[in-house]
Ligand code: MRU
């Protein structure tokens, strides 16, 4: 796929990380510098940067920003401060495993370098964060290539939330498959679920599709059943925030409904994700912590109040799709079909 990304959602610039502040999109393309671990925590919490791989990458840079100015002479002090910072950064958002995965990887790297001088260990932390970032770019490209083989000619694809370059190091996950299919001339049109309540579909995916010149139509989330009933959807493809050992998949709220609908209409339902999203420590989806977000996201639409004062709200940011509703999981290593547990173990150990 010969495609030059029209933007970089995350960039490392010598002593700071620069992100597109996604809360301004689609109206304005605003880039902000994050100079401290505290600023990184805040950017993840407020979803200035969001999407499972993207928060893992930014969190990794955040850990480096937290340790780089420490004046400690001893390894033990550096390690315990890094450990405290990793826990702090990880507390910003609980569901996507990529954040804790990246932080654990950095902590393991620090420990493995314990005999080295402190300044050298700090450089190793930065190098590892940059490696995680570059690795994600490569993984996303491969996901697109592998997923491309599942897409029929003239495909009409429905997607949910945002899985593009904004949500990853580059290209995206499910978005990368869409991009690949488009460049292979196989794509007729993408249906973009607007993705209530924060509208990642209409604000972000539509913005990315426009930049990539891919034909799409935006629909309200509740139109998905009707579109499928009318034969207007050939397949559903979306990303993941955490996939457990048996293939159960946590993703943006509304994903499970789409899986049930796809099943009812006999339409393939695909999940695309890199290996960093597969959590081999959890057996099933019931063990995944689901983030609950502020009631304001539901009771207000922008600045407009859309529910009476004091309305009680339940606002889970994610849901869990049981593995039996998933036709295949597309990873950088190829397309994985059920039985996911057996096949994950073969591929990822
Ligand atoms: O709450 P968000 O916007 O961070 O949720 C993101 C999603 O659910 C994405 O679908 C998922 O992270 C996959 S990103 C490649």
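Selection of the stretch 175-186 for residues being in contact with a strand residue (DSSP E or B) (Cβ under 7 Å, 6 or more places away or on another chain), away from the ligand (no atom under 16 Å from the Cβ) and either assigned to a helix (DSSP H, G or I) or modelled with pLDDT under 95 (or both) yields only 181. Checked against the criterion of being away from the ligand (no atom under 13 Å from the Cβ) and either free of Cβ contacts under 8 Å to residues at least 24 places away in the same chain or in the same structural domain as residue 173 (by TED's automatic domain parsing) (or both), the candidates 189, 200 yield just one match: 189. Quick test for you: out of 276, 327, pick the one residue that is surrounded by 17 or more Cβ atoms within 10 Å (Cβ to Cβ), closer than 25 Å to residue 47 by Cα and either touching a strand residue (DSSP E or B) at 6+ places or on another chain (Cβ under 9 Å) or touching a residue at least 24 places away in the same chain (Cβ under 8 Å) (or both). Just a single option satisfies the conditions, and that option is 276.
Residue-by-condition table, conditions (1) free of Cβ contacts under 8 Å to residues at least 40 places away in the same chain; (2) away from the ligand (no atom under 13 Å from the Cβ):
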{"residue": "234", "(1), (2)": "no, yes"}
{"residue": "244", "(1), (2)": "no, yes"}
{"residue": "248", "(1), (2)": "no, yes"}
{"residue": "255", "(1), (2)": "no, no"}
{"residue": "264", "(1), (2)": "yes, yes"}
{"residue": "288", "(1), (2)": "no, no"}
{"residue": "291", "(1), (2)": "no, no"}
{"residue": "295", "(1), (2)": "yes, yes"}
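When 147, 172 are checked against the criterion of being within 14 Å of the ligand (Cβ to nearest atom) and under 18 Å from residue 9 (Cα atoms), 172 stands alone in meeting it.
When the criteria are applied in full, residue 105 meets the requirement of being in contact (Cβ under 8 Å) with a residue 24 or more places away in the chain, farther than 19 Å from residue 5 by Cα, touching a helix residue (DSSP H, G or I) at 6+ places or on another chain (Cβ under 9 Å) and not in a loop (DSSP other than H, G, I, E, B). Restricting 250, 240 to those that are buried (at least 23 other Cβ atoms within 10 Å of the Cβ), touching a helix residue (DSSP H, G or I) at 6+ places or on another chain (Cβ under 8 Å) and assigned to a loop (DSSP other than H, G, I, E, B) reduces the list to 240.
Exactly one residue out of 319, 312 is part of a loop (DSSP other than H, G, I, E, B) and either under 17 Å from residue 248 (Cα atoms) or assigned by TED's automatic domain parsing to the domain that holds residue 247 (or both), and it is 312.
In this structure, does residue 273 turn out to be within 16 Å of the ligand (Cβ to nearest atom), more than 21 Å from the chain's Cα centre (by Cα) and under 15 Å from residue 159 (Cα atoms)? When the stated conditions are applied, residue 273 does not pass them. Scanning the stretch 216-232 for residues that are free of Cβ contacts under 8 Å to residues at least 40 places away in the same chain, part of a loop (DSSP other than H, G, I, E, B) and under 11 Å from residue 157 (Cβ atoms) turns up nothing. Selection of the stretch 197-210 for residues being part of a helix (DSSP H, G or I), more than 14 Å from residue 24 (Cβ to Cβ) and touching a helix residue (DSSP H, G or I) at 6+ places or on another chain (Cβ under 9 Å) yields 201, 205, 208, 209. Total residues in the stretch 118-154 satisfying the condition of being outside any helix (DSSP H, G or I), surrounded by fewer than 20 Cβ atoms within 10 Å (Cβ to Cβ) and at pLDDT 95 or above: the figure is 4.
Would you pick out the residues in the stretch 43-90 that are within 16 Å of the ligand (Cβ to nearest atom) and either free of Cβ contacts under 8 Å to residues at least 24 places away in the same chain or not assigned by TED's automatic domain parsing to the domain that holds residue 127 (or both)? Hit for the stretch 43-90 is 46, nothing else.
The values are calculated or read from the model by the stated rules, or taken from the named source; none is laboratory data. On a predicted model such as this, the values are computed, not experimentally measured, just so you know. Counting neighbours? That spans all protein chains shown, and the Cβs are built from the backbone with ideal geometry, glycine included.
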